[in-house]
Amino acid sequence: MSVSTLFDKIPREAPGAVETLTIRRPDDWHVHLRDGAMLKAVLPFTAAQFRRGIIMPNLVPPVTSIEAALAYRGRILAARPEGCDFAPLMTCYLTDATSPDEIERGFRDGVWAAAKLYPAGATTNAHHGVTDIAALAPVLERMEKIGMPVLIHGEATDPAVDIFDREAVFMEEEMLPLLRRHQGLKVVVEHVTTAETVALVRAHAGRAAGTITPHHLIINRTSIFQGGLRPHLYCLPVAKRERHRLALREAATSGDGNFFIGTDTAPHLRAAKQAECCSAGVFGGATALQTYVQVFDEEGALSRFEAFAAENGARFYGLPLNEGTITLEKRPCRVSPVVAVGEEDVVVFRGGEDLPWSLGGTRP
Ligand code: DOR
Ligand code: ZN
């Protein structure tokens, strides 16, 4: 499938110069590709935009072994559209039983790029996650020693904690102590949603970084209730107040090397979203780059977009920068409102809307 069949450009009424931005090919440092028919349906969107992706391991069952990661990587490679060079970077789902030796072996063999720490029960398929982060010390010490990043879903799991405070409580009670205990550990604070977490990442520059999603740059918590309940805008961590959205836009566009793309694109079938109990996750994968570049444009920061999209993450992970380029065009586009998955579908974040920027060509 080519990019032009996935993303419709709206014809311009009058010919004229189109503003374009050509950057090094970007990476997505946080992506849920799922498996089976869903993988096949959503992968082309991610692969049309990003050269590499950090693949989240919260499958059923979760990806906890080298063997499972290799098999999953094989399924992702097989699901790529013809001629596509998207490279999946696999992660290990940490549990209370994770062995430091398996972690080290997988990292040294190039199977794992990182490990993902879900506090048990924090989100979708996180029930096998870690129940006691302090007890994970032997694993984290080994990761620190070998330079392997830990990617953290930073939300408290105590059901008594208000859902809008879960990130803040986790940062105080778990993240700061972890950063104190493991001073040399590379930590990615995933999907940052608050101004205070932005400050925490900055205070630990060099060893901590933060990913920022497209949706948290666009919506605040009120958006989820705009005119009624909007299940397709519900994700975890849930969007916060407007002041936090503004802080995220400042962090992303600041030129600060600690922040980079992590779309957290998390597709769920419509039936799982429009349900009595709606699953958490926004499918932002089909409109991610268009959304990020729009934000940088609105903030007058297009000159800093390449660093956020294609340099900061690779540098933090210690990986080479990509070679090719992608061109973005300030030309309206409309992405399909839904992506079909067999007889069912997934609702696309900002699908069907007029987006001011579209994807142009990619050069490998
Ligand atoms: O909203 C979310 N959806 N947050 C997560 O952390 C997981 C994700 C998913 O896998 O659906
Ligand atoms: Zn995620």
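Inside segment 151-192, residues that are open to solvent by less than 10 Å² (accessible area, probe 1.4 Å) and part of a loop (DSSP other than H, G, I, E, B) make up a count of 8.
Pairing each residue of segment 226-239 that is within 15 Å of ligand 2 (Cβ to nearest atom) and at pLDDT 95 or above with any residue that is assigned to a loop (DSSP other than H, G, I, E, B) and hydroxyl-bearing (Ser, Thr, Tyr), provided the two are 6+ apart or on different chains, yields C-beta distances under 6 Å for Leu236/Thr123; Pro237/Thr193. In segment 254-309, of all residues being open to solvent by 10 Å² or more (accessible area, probe 1.4 Å) and among the polar types (S, T, N, Q), the one that is nearest to His32 (Cα to Cα) corresponds to Ser279.
Does segment 318-344 hold any residues that are open to solvent by 70 Å² or more (accessible area, probe 1.4 Å), under 20 Å from Trp357 (Cα atoms) and touching a helix residue (DSSP H, G or I) at 6+ places or on another chain (Cβ under 9 Å), and which are they? Of everything in segment 318-344, just one residue is open to solvent by 70 Å² or more (accessible area, probe 1.4 Å), under 20 Å from Trp357 (Cα atoms) and touching a helix residue (DSSP H, G or I) at 6+ places or on another chain (Cβ under 9 Å), namely Lys330. Residues of segment 320-364 that are of a type in the set (A, V, I, L, M, F, W, C) and free of Cβ contacts under 8 Å to residues at least 24 places away in the same chain: none at all. Whether any residue in segment 252-259 is more than 27 Å from Ala48 (Cα to Cα) and out of contact with any Cys (no Cβ under 8 Å at 6 or more places or on another chain) is what I want to check. Checked against the condition, which is being more than 27 Å from Ala48 (Cα to Cα) and out of contact with any Cys (no Cβ under 8 Å at 6 or more places or on another chain), segment 252-259 yields no hits at all. Listed by position, the strands (runs of 3 or more DSSP E) contained in segment 36-139 that have at least 3 residues being in contact with a His (Cβ under 9 Å, 6 or more places away or on another chain) and within 16 Å of ligand 1 (Cβ to nearest atom) are 52-55. Restricted to segment 262-325, the set of helices (runs of 4 or more DSSP H) holding at least 3 residues that are away from ligand 1 (no atom under 15 Å from the Cβ) and either closer than 17 Å to Pro88 by Cα or at pLDDT 95 or above (or both) comprises 288-298, 312-317.
The values are calculated or read from the model by the stated rules, or taken from the named source; none is laboratory data. Computed from a predicted model, the values in this text were never measured in an experiment. All Cβ positions, glycine included, derive from the backbone under ideal geometry; neighbour counts span all protein chains shown. Areas reflect the complete protein model, heavy atoms only, side chains present, ligands, DNA and RNA absent. Shrake-Rupley method; radii C 1.70, N 1.55, O 1.52, S 1.80 Å.
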